[in-house]
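Just so it is clear, none of the values below were taken in a lab; they were calculated from the coordinates. Please read all numbers here as calculations on a predicted model, not as lab measurements. Virtual Cβ from ideal backbone geometry, glycine too; neighbours counted across all protein chains shown.
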Amino acid sequence: MTPRDLLRRVAFAAFVALVLAFFALPLLWLASAPFDASPSITASVPDFTFRNFRALLDNPYAVASLRNSVLLAAGTALLVVALAAPAAYALSRVRVPGRDALLYLLLLLSSIITGTAAMVPIFLLAFELHLIDSRLGVILVLTGGLLPTAIFILKDFTDATPVSCEEAARVFGASPLQTLRHVVVPVVRPGLATVGVWTVAQVWGDFLMPFLLLRDPAKAPASVIMFTFYTEGGQPDLPLIATFSLLYSLPVVAMYLLVSRRYGFRFHGGTKR
Amino acid sequence: MAPATSPPAETGSAVLGRRGAAAFVAPALVLIAVFLVFPALWTLYLGVTDYRLTGVAAARPRFVGAENYTGVLGDGEFHHSLWLTLQFVGGSAIAGQTVLGFALAWVLRDRAGPVKRLVEGLVLLAWILPGSVIAFLWIALLDRDAGTLNALLGTPGTAWLLDHPLACVIVFNVWRGTAFSMMLYGAALGNVPPSHLETARLAGATTWQTLRDAVFPRIRGHVLTSLLLVSLWTFNDFTPFLITAGGPDHRSEILAVYVYRTALGDGRLGFGAAISLVMILVNLVIALGYLRALRERRPA
């Protein structure tokens, strides 16, 4: 081994060690505090216990907020898939003038009109439509923002499937909706699953829209309710925050592991908003 | 055998007529129009009114012309916030995430095994965990009295979030978003023929020369795409609000937080809408650059 190779190895090891430390350091607390008998703000080897998880049941909003998160994520995912699938199918199969321009424009709009940039008009729109403090309002706003990208992803999937089966179904007298349900949906199911999982991931972590549009803490999802977990003394309620964070994070990690195991991690550049 | 691309128009319309197609597309377009396009257009109108959250101007907003826009462009707080945003995007997205992401993709490119999996797993975990959880983890890490960082460095009592708020959210965002650049450059490096790297190695090129002459020309498109995307996301990121809330004393008040404070904190919706429009225009410039880069990369 030449000195240069040795130097290279040492440099590699040092770099990897630094990167590991940098990325692991903030995560340590999430791994240790939920199981620590007396959790403090410092990450440390826990005095092991499961008792902290009882704090979740003692707080009136903790479990309900996770339910709200599920409601918002599932509602948005269903609506996005239900609306994007027919639109993507039609745009893939029927060539109307200006179709590509329309798709291009939609994608452009969805990337420039983000929740952050448009929070003022979105808040006012929800106010005028009486959708403040309504979970349906949050679902509709989020769906509007995610639909263009969802249509784009799904159109890629439908473009890649042959039309011959659909024509056969049509010849035997199936209506367009029947064709869609019995012929097209089974073929593009991986695409529908991709869009569904992607939507759930987007909504599960979203803070701004529910924070902006919901007033009643009983309706707030996990991302917003976390910031109300303080004790009477004004200190953060650490056992509660620690266990809640862990519980709230697990579905995302599980979903990621499932997706990467099942499909391999397919890299959709540009689909994270 | 089966056509793998868009079918010609005749066969397509045999299954679904034009009217049917319109019915299929309409519901999605209506929702997009109401909740995406309309808010953007409304921003233009709101920006020329003195709309407020409460009081007389809430009931009957008055037309004030370009007053809000001239007000925003001449506002010292806006300039300050714009400068902070520039540092935030430049430091965390363009410099931090891109350099660290590329470095990771480069050193891990031909490795396999537990070390690579561990590094990639941790970097990805930082990316996929919910923002609220991550924000609290960083508050805990940087806490003045009992934060893990102070315990490790032996600097008890250093209030990182109060003394260096902007630096904190920049480092935070590097940590949060490096995964995307790492994966994108990892995929891009797969397109560089190994023979080119081998040739460079045999010719005795230094790492820097190899990167400049053999690697970079092949991944230029990816670099551009990634730079534009991470800039767009970082520019629109609201998570710093969860860590510093723009404080202390507006020292980490990037535009995303500034627009929230003026519009919904202070209730000046017209003024906030004018800032919103500026943000949408910045987004437009970045997104147009991105779509153009994509088009050039796809020859079809």
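Subtracting the Cα-Cα distance of A:F50 and A:A74 from their residue separation scaled by 0.36 nm leaves 5.7 nm. Is the shape of the stretch B:89-138 rounded, prolate or oblate, going by the alpha carbon gyration tensor and its root eigenvalues a ≥ b ≥ c, with a/c under 1.5 for rounded and a/b larger than b/c for prolate? Oblate shape, in that a/c is at least 1.5 and b/c is the bigger or equal ratio.
Before rounding to the nearest 500, sum -39500 (n - 2.57) across all DSSP H runs of length at least 4 in chain B and divide by the residue total; then give [θ] at 222 nm in deg cm²/dmol.
Roughly -20500 deg cm²/dmol at 222 nm, from the helical runs in chain B.
Computed from phi, the 3J(HN,Hα) profile of the stretch A:211-228 under the Karplus parametrisation 6.51, -1.76, 1.60 (θ = phi - 60°) reads 4, 6, 9, 10, 9, 6, x, 5, 9, 5, x, 4, 4, 8, 5, 3, 8, 10 Hz, with x in place of Gly and Pro.
Across all C-alpha atoms in chain B, the radius of gyration and Dmax reach 24.3, 77 Å.
Cα centroids of the stretch A:163-191 and the stretch A:109-128: 37 Å apart. When you filter the trypsin sites (Lys or Arg not before Pro) in the stretch B:178-243 for DSSP loop state and at most 14 other Cβ atoms inside 10 Å of their Cβ, nothing is left.
Amide H contacts of A:D133: A:L214, A:R215, each under 5 Å away and 5 or more positions distant or on a separate chain (H built 1.01 Å from N in the peptide plane; Pro and chain starts excluded).
Is the C-alpha gyration tensor of the stretch A:21-72 telling us rounded, prolate or oblate? Criteria: a/c under 1.5 is rounded; beyond that, a/b larger than b/c is prolate, otherwise oblate. Here the stretch A:21-72 falls in the oblate category.
Gain in length, B:A103 to B:R220, computed as 0.36 nm per residue apart minus the alpha-carbon separation, to one decimal in nm?
40.6 nm
When you restrict to C-alpha pairs under 8 Å that are six or more residues apart and normalise by the size of chain A, the relative contact order lands at 28 percent.
Would you calculate the volume per residue, in Å³, of the smallest convex hull containing every Cα atom of the stretch A:71-228?
On the way: hull volume 19.6 nm³, N = 158.
In the stretch A:71-228, the Cα hull volume divided by residue count equals 124 Å³.
Take the convex hull of the alpha carbons in the protein assembly as shown; its mean projected area over all directions comes to 30.8 nm². Using a Gaussian network model of chain A in which every pair of alpha carbons under 10 angstrom is joined by a spring, one finds that among A:A201, A:A90, A:A169 the greatest mean-square fluctuation is at A:A169.
Can you grab the distance from the C-alpha centre of the stretch A:65-90 to the C-alpha centre of the stretch B:137-172, Å, no decimals? So the two Cα centres are separated by 39 Å.
For the stretch A:135-214, the list of chymotrypsin sites (Phe, Trp or Tyr not before Pro) that fall in a loop by DSSP and count at most 11 other C-beta atoms within 10 angstrom reads A:F172. Stokes-Einstein diffusion for chain A, with the hydrodynamic radius set to the Kirkwood value over Cα pairs and evaluated at 10 °C in a medium of 1.306 mPa s, equals 72 µm²/s. Taking B:P165, B:P194, B:P61 in turn, the Gaussian network model of chain B (Cα-Cα springs below 10 Å) assigns the largest fluctuation to B:P194.
The tail of the calculated P(r) for the stretch A:132-174, taken as Cα-Cα distances beyond 14 Å, holds 67 percent of the pairs. Across the stretch B:233-247, computed HN-Hα scalar couplings (Karplus, 6.51 cos²θ - 1.76 cosθ + 1.60, θ = phi - 60°) run 5, 5, 4, 9, 7, 9, 4, x, 4, 6, 9, 10, 6, x, x Hz from first to last residue, x flagging Gly and Pro. Based on the Kirkwood approach, the hydrodynamic radius assigned to the stretch A:100-162 is 13.1 Å, with every pair of different Cα atoms included. Rounded to the nearest 0.05, what FRET efficiency is calculated for B:L153 and A:F15 with R0 set to 25 Å and r the Cβ-Cβ distance? After rounding, the FRET efficiency stands at 0.75. Mind running the shape call on the stretch A:1-157? Use the C-alpha gyration tensor, a ≥ b ≥ c as the square roots of the eigenvalues: rounded below 1.5 for a/c, prolate if a/b tops b/c, oblate otherwise. Judged from the Cα gyration tensor, the stretch A:1-157 comes out oblate (a/c at least 1.5, b/c at or above a/b). Its relative contact order, with pairs defined as Cα atoms under 8 Å and 6+ residues apart, puts chain B at 27 percent. Using R₀ = 51 Å, calculate the FRET efficiency as 1/(1 + (r/R₀)^6) where r is the Cβ-Cβ separation of A:V253 and A:V171; round to 0.05. That gives a FRET efficiency of 0.60.
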